[in-house]
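Notes follow once the structure below has been shown.
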Amino acid sequence: MNKIIRRMAAGLVTAAVIAASAVSSFAANPYTAISGGSTNFDKYLVMDQNSDVPIHTAQFTVTAGQYKAGSVTIPEVFAGIDASKVTATQTEGFKPGDKTYSAVQSGDTVELNKGEKYAVKTVKLDLSKVMFSEPGIYRYIITETVPNANTGITVTDGETRVVDVYVHGDENAKLKIAGYVLHDSPDDVALDDTQLEIELKDAGFTNTYTTYDLDLEKQVTGNQGNQRKYFKFTLNLSNADPGTTYKVNLDNAETTVEYENATVTNPQTIRIGDDGTATANFYLRDDQKVRVENLCQTVKYEIIETVNDNEGYAVSSVKTVGGAASKTNGKTCAKAEMTPCDNEVVYTNYRNGTVPTGLMVSAGPVMAGAGVILLGAGLFFVKRKLAK
């Protein structure tokens, strides 16, 4: 009896295995998995009209979106599979000298305010290592890493985007990537090409580059101060992006001047070298000013005035906004890192003279006294003549 039971049990197990195999074969996925491929989106950088493009490469991470149930009219959305295998990479970084646009070009969706321009780069979204084995809409979230605040670069239109990958199947059980939809609404889904419930953001991400100006102003005071005399200033810049060109506004200064019997020029641009530094000389007289435009907050500056001791001028004050005055090698200078505001440095030179007392009298009393003396001499002469 036990042998019969064991044989029956063995037969049941064998039948179960065969049945399971049949079910598995019947339920096997009829589709052949396909790669997710790749797509691109734009990366915009908006800046002041007079600013040079900074060195900047955006960084992104990609994670799976959340499942969204469908309805009779709206398809369900699946969380993106193998999100760790998806990358979003800016193919080329922004750099000084890049082409910029003062008007929005055809096909671009960036917005500009008055006095702004923009540069654009491509970001590649790579899903080639993701294998999709069933039709559906698969959702991923792209997040931009927020740049360091000191760089002056900010994310201005949201740090995340949603990308939906549309995988379609046909009657022959073949899959294809029908398309990608990039938008900023994780609660919505595109129905088709003509009926969209979401606002598309094909342009991707937009950043803003904020910069500040540095003013250098000259003042001369004192009763011996020569307001037509030019003074020399040396501006040292450091910690700047190599290759950057800064424009210099000379509206309140002169381009060419005479200084110590030589013709010198105030530069209209300053170009940063490969080591991130630059030096420029400026020549200013009383009430003149130069403005170095669109400096990044990370830039450090040092301004030193050349004053000849034998001329009797003293630097009576150095007024700074955003910086600090100090002494370097016995010379007064303004030295600071650009702060998140327009920086201003005002040098005031003082020269006074005092007339010694007891040596001369004023011209009025002298002439009056001389008149009295002459008049007295005339009267004396008349009296002598009458006496004869």
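The values are calculated or read from the model by the stated rules, or taken from the named source; none is laboratory data. Being a predicted model, the structure only gives us computed values, none of them experimental. Because the Cβ atoms are built from the backbone with ideal geometry, glycine has one as well, and the counts that use them run over all protein chains shown. Accessible surface is based on the protein model in full, side chains and every heavy atom, while ligands, DNA and RNA are left aside. Shrake-Rupley method; radii C 1.70, N 1.55, O 1.52, S 1.80 Å.
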The rounded separation in angstrom of the Cα centers of the stretch 139-190 and the stretch 52-127 is 8
Along the dipole axis of the stretch 46-130 (charges at Cβ: +1 for Lys and Arg, -1 for Asp and Glu; origin at the Cα centre), the most positive-end residue among GLY70, LEU127, GLN105 is LEU127
In debye to the nearest 20, the charge dipole size for the stretch 28-175, taken about the Cα centre with +1 at each Lys and Arg Cβ and -1 at each Asp and Glu Cβ, equals 220
Mean Cβ-within-10 Å packing, highest first, puts peptides 77-84, 297-304 in the order 297-304, 77-84
Extension length gain for ASN352 and VAL155 (0.36 nm per residue less Cα distance), in nm, is 65.5 nm
Here the convex hull volume per residue of the stretch 62-131, taken over Cα atoms and given in Å³, is 171
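Over the stretch 220-318, what is the relative contact order in percent, taking alpha-carbon pairs closer than 8 angstrom and at least six residues apart?
Averaging sequence separation for qualifying contacts and normalising by length gives 41 percent for the stretch 220-318.
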With all protein chains present, the stretch 152-295 has a carbon and sulfur share of its accessible area (1.4 Å probe) in percent of 38
Pairs over 24 Å Cα to Cα, from LYS114/LYS300; LYS124/LYS300; LYS129/LYS176; LYS289/LYS319, come to LYS114/LYS300; LYS124/LYS300
Quick shape check on the stretch 123-275: root eigenvalues a ≥ b ≥ c of the Cα gyration tensor, a/c under 1.5 is rounded, otherwise prolate if a/b tops b/c, else oblate, and it reads prolate
Taking 0.36 nm per residue of separation between LYS247 and ALA79 and subtracting their Cα-Cα distance, the length gained on full extension comes to 55.5 nm
With label points set 7 Å from each Cα along the Cα-to-Cβ direction at THR63 and GLU260, the distance between them in nm comes to 6.2
If R0 = 56 Å, then THR269 and ASP187, at their Cβ-Cβ distance, give a FRET efficiency to the nearest 0.05 of 0.70
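Please list 313-320, 118-125 highest first by mean number of surrounding beta-carbon atoms within 10 Å per residue. Before the final figure, lay out each step's value.
Working: 313-320: 16.5, 118-125: 19.1.
Descending mean neighbour count gives 118-125, 313-320.
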With all protein chains in place and a 1.4 Å probe, MET131 shows an accessible area in Å² (nearest 10) of 90
Filtered hits (aspartates and glutamates, Cα-Cα < 19 Å from LYS85, offset >= 8 within chain) -> ASP126, GLU134, GLU144, ASP164
Share of Cα-Cα pairs in the stretch 79-174 beyond 23 Å, whole percent, is 44
